[in-house]
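Reviewing the structure listed below.
Throughout, read-outs are computed from the coordinates displayed, never taken from laboratory work. Everything numeric in this text was worked out from a predicted model, so none of it was measured. Heads up, the Cβs are rebuilt from the backbone with ideal geometry, glycines too, and the neighbour counts pull from every protein chain shown.
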Amino acid sequence: MLNKIFTLASVVTLGILAAGAPGAAARTSSSEPPKEHVDEAAHLPLDGMHVNEMFVERLDNNKVYLYLQQPTREAFAVVDVTNPDKPVLLSRDALQASAGSQVQPPAEGSALALVFIPESSPADPSLATKPLPTETVQFLDMSDPENVKSVRTVKGVTSVYADDGRNLVYLVNGEGLWIVRHYMPPAEHLCGSGDALNPLPNCQ
């Protein structure tokens, strides 16, 4: 599960990742670099649910589910994020597991997950009831290295998951689940002599 969880260090590089999107390198950029777009796709209140880890399951029927680990309940909540603009909370207590257990999520297209359950009790059971550590997550537009800008800030975050395949970032804080979409618009291509031979030139 650890390789599925992303921290602040991976989130702030979104501008670089998006700049390498297919099609962007093939175009000739204008003098004004394209700006990273960060939009709030949705917000789903979780009614006081505490979340410290997340992972995504993608099934062959094109369904996408987000699992939210709740350490105080020793269970996962399940959110249908097939349409990230309209997330649906399906269950608050799915995939119940023993204290201290870890879940390895299914591979893409599979429904088989692995649960690793410790065979001895936690040294300090009270640790599960302590407040979760929080952090502030900033989204930085790094399309212009000389003028890096903060385009979105979320405070009090307890868990972050970056779904790079769909250009989405899931964040949980005391206000619930936030789904943020990021994308880099294609750079403008200035017309040149070669475009004169193209009946449908893609240029400005």
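For this structure, a couple of remarks:
- Separation in nanometres of the label points that stand 7 Å from Cα toward Cβ, at residue 61 and residue 166: 1.6 nm
- Residues with amide H under 5 Å from that of residue 46, placed H, sequence gap 5 or more: 176, 177
- A simple count of charges around residue 132, restricted to other residues whose Cβ falls under 15 Å of its Cβ and scoring Lys, Arg +1 and Asp, Glu -1, yields -1.
- Listed from fewest to most Cβ neighbours within 10 Å, the set 139, 76 follows the order 139, 76.
- For region 156-167, the Karplus equation 6.51 cos²θ - 1.76 cosθ + 1.60, evaluated at θ = phi - 60°, returns couplings of x, 7, 9, 7, 9, 9, 9, 9, 5, x, 10, 6 Hz by residue, with Gly and Pro reported as x.
- Estimated inter-spin distance, residue 86 and residue 149, nm [label 7 Å along Cα→Cβ]: 3.2 nm
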